[in-house]
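A.B. asks: I have a structure I would like to understand better, so I am pasting it below and will then ask my questions one at a time.
The values are calculated or read from the model by the stated rules, or taken from the named source; none is laboratory data. Owing to the predicted nature of the structure, the values given are computational and were not obtained by experimental measurement. FYI the Cβ positions are ideal-geometry reconstructions off the backbone, even for glycines, and counts take in every protein chain you see. Note: areas computed on protein heavy atoms with side chains; ligands, DNA, RNA excluded. Shrake-Rupley method; radii C 1.70, N 1.55, O 1.52, S 1.80 Å.
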Amino acid sequence: MAPPQTVPRRGLFIGGAWREPCLGRRLPVVNPATEATIGDIPAGTAEDVEIAVAAARDAFSRDGGRHWSRASGAMRANFLRAIAAKIKDRKSELALLETLDSGKPLDEASADMDDVAACFEYYADLAEALDGKQRSPISLPMENFKSYVLKEPIGVVGLITPWNYPLLMATWKVAPALAAGCTAVLKPSELASVSCLELGAICMEIGLPPGVFNVITGLGPEAGAPLSSHPHVDKIAFTGSTETGKRIMTSAAQMVKPVSLELGGKSPLIVFDDIRDIDKAVEWTMFGIFANAGQVCSATSRLLLHEKIAKKFLDRLVAWAKNIKVSDPLEEGCRLGSVVSEGQYEKIKKFISTARSEGATILYGGARPQHLKRGFFLEPTIITDISTSMQIWREEVFGPVICVKEFRRESEAVELANDTQYGLAGAVISDDQERCERISKALQSGIIWINCSQPCFVQAPWGGNKRSGFGRELGEWGLDNYMTVKQVTKYCSDEPWGWYQPPSKL
Ligand SMILES: NC(=O)c1ccc[n+]([C@@H]2O[C@H](COP(=O)([O-])OP(=O)(O)OC[C@H]3O[C@@H](n4cnc5c(N)ncnc54)[C@H](O)[C@@H]3O)[C@@H](O)[C@H]2O)c1
Ligand SMILES: C[N+](C)(C)CCCC=O
C-alpha cells in the first residue's frame, strides 16, 4: 500500500493541549517534491505567543518548581528517555512526514530520526549527572569562607529553528533545555513544522507536565519576533540565517536577554595533492555538499584543490555526481531530493545564473534534471573558474552547488579558506597528518573535519565563529546554554569580621 501523502491536522501545542490560533489562520503545507498541498499548520501570532509564554512561566514555577525546574535531573531524565522511546517507535512515520514536508530523501530523514532519539537519550544522561554536580566546592584562599556553585535552569526559553533538519535542529535545543530544567516555547520554521508538532503529540502521550514544552508555528515576523522580544522569555536560542540572527540579537538586546546564535556558513574543503585515494576524497566532497541537497549550514561549499590534482579530481567528481540518484525522495536509493520550497529553488537558480554572468563555468549540472517535470529539483552543480569577488564564492547558497578554486601552496589554501565572513566549519583532506593538524589550527571556524566532511556527534560541541554566530550546541556546552551558575559563599568563622570599629557597649 502506498504511504499516506497528507500530514496530520494539528493546533498549536500550548500548556499540554492543542489550541487553535487566536486569529484562526493557517498556512499551507506544500510537498516540494510534487508541489501538492498536503495539509496545513496553524499560523500563530503575538496573541498565541503571549499564551504560550504564560503557560511556560507557569510550568517553570508551579509548586515552587518541585515538578520541573527544581526537580532532580534524574526525574527529568525519565521524561527525556520516554520521548526518545516514542521517537524510536514512530521513526518511520516521522521520517515520512519530514520527507513529505521538506523533500529530503527518506534515508536521510530516517537517519535524522535516529539522531533525534540519540540526542534525547544523551541529554537524559546529562540531566541525571547534573544532580551529582550540584554544590561543587570552590577552593578559596581564606579559610573562614566556604563557597560552592549551584547550576540552575535559566528560565523560560524561546527556541527558534530552521527548516533544513526540522526535528533535529529543534531537538538540539529542546533536549538540553528540558534537561537543564527550563521550560520552552519552540517556534519551528513555517516551511517545515510538521514533525515539531508531532513532538508536541509525543510530549502529550508521555505525560510531560503541561506547559513544559510548547510549540507555536507561524511566520517569522508574526510568531518568531514576538517570542524573541517577549519580556518574560529569559533566553533565545536561534538557528537560522545571519540576517534573522541580527534581528533577534537586536531585539533581545533591548532587555539584555542572552542569545545563542547558530547561523549560516560558507565552509571550505581543502584537498591536497598527497592523497593516495582520490575516489575516497571525492565521495567526502560529495557528501559535504550534496547531502540534504546542500541545505546544510556546515556544507563544505567551497572546494579548494591543489593544482596538481585538480583536473583528475574534477573528472572523478563529475563522474560521481552523474551517478547520484536524483529522484522523488520517497524512491529507494534516492540521494538527492528536492529543495525545500519554490522560494529556495528560485534563489538557488539565481545564484547559478549570476555565477554564469560573472564569468564562472558551470562544469556540471545547474538546471532541473530532465526526468523530473514537477517539484523543486536541481542537478548537483559544480562551478569552476571562480574569482574571489564573485557572489558564488562569497554568499551562502544553501543548495546542491559547489564552487571550486585551485591553489599552489598551503599558505594560499589557508588564505582562501579563511576568505569569508563566516566561520562555521572547515575540512582538510590530506595523507600528511602534520599538515592536517596545521590546517586545523589555521582555519577560523568552530568545527574542523580531517579527511571527511559533515559527520556530527552529539557529544562534540557545534557552533561557529565570525558571522556564523556564537555559543555552542551539543555536548556539555549545549546544556550550559540553558543554565545559570550561582555562587553561594558562606562566612563560617566564630570571629566577627572586624572591619569596623565596634561602638561602645555602654
Ligand atoms: N549554524 C547552524 O547550526 C545552522 C543549522 C541549520 C541552519 N542554519 C542556517 O539557517 C539558514 C536557513 O534556515 P532558514 O531559511 O529557516 O533561516 P531563517 O533565518 O529564514 O529562519 C529561521 C527561523 O527564524 C524565524 N524567523 C524569521 N524571521 C524572524 C524574525 N524577524 N524574528 C524571529 N524569528 C524569525 C523563521 O520563521 C524560522 O523559524 C541558513 O543560513 C543556514 O546556514 C544554521
Ligand atoms: C550535522 N548535520 C546533521 C548535518 C546537521 C547540520 C546542522 C546544520 O545545518
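A.B. asks: Conditions first: (1) farther than 28 Å from GLU143 by Cβ; (2) modelled with pLDDT of 95 or more; (3) out of contact with any Pro (no Cβ under 7 Å at 6 or more places or on another chain). SER504 passes all but one, so which condition is the exception?
C.D. replies: (2) is the only condition that SER504 fails.
A.B. asks: Let me ask something else. Return a yes/no flag: does the stretch 395-404 have any residue that is assigned by the TED database to the domain that holds GLY365 and over 23 Å from THR242 (Cα atoms).
C.D. replies: From the stretch 395-404, those assigned by the TED database to the domain that holds GLY365 are 395-404; that's our starting set.
With the extra rule that they be over 23 Å from THR242 (Cα atoms), the set shrinks to 404.
Yes, because at least one residue in the stretch 395-404 is assigned by the TED database to the domain that holds GLY365 and over 23 Å from THR242 (Cα atoms).
A.B. asks: Can you tell me which of LEU168, LEU191 is surrounded by fewer than 24 Cβ atoms within 10 Å (Cβ to Cβ), assigned by the TED database to the domain that holds ALA117, part of a helix (DSSP H, G or I) and within 16 Å of ligand 2 (Cβ to nearest atom)?
C.D. replies: Working: LEU191 fails: part of a helix (DSSP H, G or I).
Result of the check over LEU168, LEU191: LEU168.
For (1) β-branched (Val, Ile, Thr); (2) within 23 Å of ARG408 (Cβ to Cβ), each residue gets a yes or a no:
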site: GLY294; (1), (2): no, no
site: ALA299; (1), (2): no, no
site: HIS306; (1), (2): no, yes
site: ARG316; (1), (2): no, yes
site: ALA321; (1), (2): no, no
site: LEU336; (1), (2): no, no
site: VAL339; (1), (2): yes, no
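A.B. asks: Among (1) assigned to a strand (DSSP E or B); (2) in contact with an Asp or Glu (Cβ under 9 Å, 6 or more places away or on another chain); (3) β-branched (Val, Ile, Thr), there is one condition VAL185 misses while meeting the rest; what is its number?
C.D. replies: (2)
A.B. asks: Residue by residue through the stretch 202-226, note down the ones that are in contact with a strand residue (DSSP E or B) (Cβ under 8 Å, 6 or more places away or on another chain), over 15 Å from ARG26 (Cα atoms), more than 7 Å from ligand 1 (Cβ to nearest atom) and open to solvent by less than 10 Å² (accessible area, probe 1.4 Å).
C.D. replies: If the condition is that a residue be in contact with a strand residue (DSSP E or B) (Cβ under 8 Å, 6 or more places away or on another chain), over 15 Å from ARG26 (Cα atoms), more than 7 Å from ligand 1 (Cβ to nearest atom) and open to solvent by less than 10 Å² (accessible area, probe 1.4 Å), then CYS203, GLY211, VAL212, PHE213, ASN214 are the ones that fit.
A.B. asks: Then there's this: Would you confirm, using the coordinates I've provided, whether LEU263 is hydrophobic (A, V, I, L, M, F, W, C) and open to solvent by less than 10 Å² (accessible area, probe 1.4 Å)?
C.D. replies: On the way: hydrophobic (A, V, I, L, M, F, W, C): yes; open to solvent by less than 10 Å² (accessible area, probe 1.4 Å): no.
When the stated conditions are applied, LEU263 does not pass them.
A.B. asks: So, in the stretch 229-251, how many residues would count as being buried (at least 19 other Cβ atoms within 10 Å of the Cβ) and either more than 10 Å from ligand 1 (Cβ to nearest atom) or outside the structural domain of LEU168 (by the TED database) (or both)?
C.D. replies: Counting residues in the stretch 229-251 that are buried (at least 19 other Cβ atoms within 10 Å of the Cβ) and either more than 10 Å from ligand 1 (Cβ to nearest atom) or outside the structural domain of LEU168 (by the TED database) (or both) gives 5.
A.B. asks: Only one of THR183, THR161 is away from ligand 1 (no atom under 12 Å from the Cβ), touching a residue at least 24 places away in the same chain (Cβ under 8 Å) and of a type outside the set (A, V, I, L, M, F, W, C). Can you tell me which?
C.D. replies: Values: THR161 fails: away from ligand 1 (no atom under 12 Å from the Cβ).
It is THR183.
A.B. asks: While we're looking at this one, here's another question. Please tell me if ILE87 is in contact (Cβ under 8 Å) with a residue 24 or more places away in the chain, in contact with a Cys (Cβ under 8 Å, 6 or more places away or on another chain), surrounded by 23 or more Cβ atoms within 10 Å (Cβ to Cβ) and of a type in the set (Val, Ile, Thr). I'd like the intermediate steps shown before the answer.
C.D. replies: On the way: in contact (Cβ under 8 Å) with a residue 24 or more places away in the chain: yes; in contact with a Cys (Cβ under 8 Å, 6 or more places away or on another chain): no; surrounded by 23 or more Cβ atoms within 10 Å (Cβ to Cβ): yes; of a type in the set (Val, Ile, Thr): yes.
Considered against the rule, which asks whether it is in contact (Cβ under 8 Å) with a residue 24 or more places away in the chain, in contact with a Cys (Cβ under 8 Å, 6 or more places away or on another chain), surrounded by 23 or more Cβ atoms within 10 Å (Cβ to Cβ) and of a type in the set (Val, Ile, Thr), ILE87 comes out as no.
A.B. asks: If I filter the stretch 361-376 for residues that are among the hydroxyl-bearing types (Ser, Thr, Tyr) and not in a strand (DSSP E or B), do I get at least one hit? Lay out the reasoning, then the answer.
C.D. replies: Restricting attention to the stretch 361-376, the residues satisfying the condition of being among the hydroxyl-bearing types (Ser, Thr, Tyr) are 361, 364.
Add one more test, that the residue is not in a strand (DSSP E or B), and what stays is none.
The answer is no; no qualifying residue exists.
A.B. asks: Also, quick follow-up: Determine which member of the set TYR482, TYR491 is among the aromatic types (Phe, Trp, Tyr), away from ligand 1 (no atom under 15 Å from the Cβ) and closer than 22 Å to ASP115 by Cβ. Steps first, please.
C.D. replies: Details: TYR491 fails: closer than 22 Å to ASP115 by Cβ.
Of TYR482, TYR491, the one residue that is among the aromatic types (Phe, Trp, Tyr), away from ligand 1 (no atom under 15 Å from the Cβ) and closer than 22 Å to ASP115 by Cβ is TYR482.
A.B. asks: Quick check on the stretch 233-266: of everything there that is of a type outside the set (Phe, Trp, Tyr), touching a Leu at 6+ places or on another chain (Cβ under 6 Å) and modelled with pLDDT of 95 or more, which residue is nearest to PRO455 (Cα to Cα)? Write out each step before concluding.
C.D. replies: Filtering the stretch 233-266 for residues of a type outside the set (Phe, Trp, Tyr) gives 233-237, 239-266.
If we keep only those that are touching a Leu at 6+ places or on another chain (Cβ under 6 Å) too, we end up with 237, 242, 245, 265.
Of the ones still in play, those that are also modelled with pLDDT of 95 or more are 237, 245, 265.
Working: ALA237: 23, GLY245: 25, GLY265: 16 Å.
Here the answer is GLY265.
A.B. asks: May I ask you to list the residues in the stretch 52-74 that are open to solvent by less than 50 Å² (accessible area, probe 1.4 Å) and aliphatic (A, V, I, L, M)?
C.D. replies: ALA52, VAL53, ALA55, ALA56, ALA59, ALA71, ALA74
A.B. asks: Of all residues being more than 19 Å from VAL215 (Cβ to Cβ) and touching a Ser or Thr at 6+ places or on another chain (Cβ under 6 Å) in the stretch 19-37, which is most open to solvent (accessible area, probe 1.4 Å)? Just the residue, please.
C.D. replies: Kept after step one, since they are more than 19 Å from VAL215 (Cβ to Cβ), are these residues of the stretch 19-37: 30-37.
Remaining after also requiring touching a Ser or Thr at 6+ places or on another chain (Cβ under 6 Å): 30, 32-33.
Details: VAL30: 58, PRO32: 1, ALA33: 10 Å².
It comes out as VAL30.
A.B. asks: Restricted to the stretch 102-111, and to residues that are in contact with a helix residue (DSSP H, G or I) (Cβ under 8 Å, 6 or more places away or on another chain) and open to solvent by 10 Å² or more (accessible area, probe 1.4 Å), which residue is nearest to ligand 1 (Cβ to nearest atom)? If you could, list the steps in order and put the result at the bottom.
C.D. replies: Here is the first cut: in the stretch 102-111, the ones in contact with a helix residue (DSSP H, G or I) (Cβ under 8 Å, 6 or more places away or on another chain) are 102-106, 108-110.
Narrowing the set further to residues that are open to solvent by 10 Å² or more (accessible area, probe 1.4 Å) leaves 106, 108, 110.
Working: LEU106: 20, GLU108: 14, SER110: 19 Å.
Going through the qualifying residues, I end up with GLU108.
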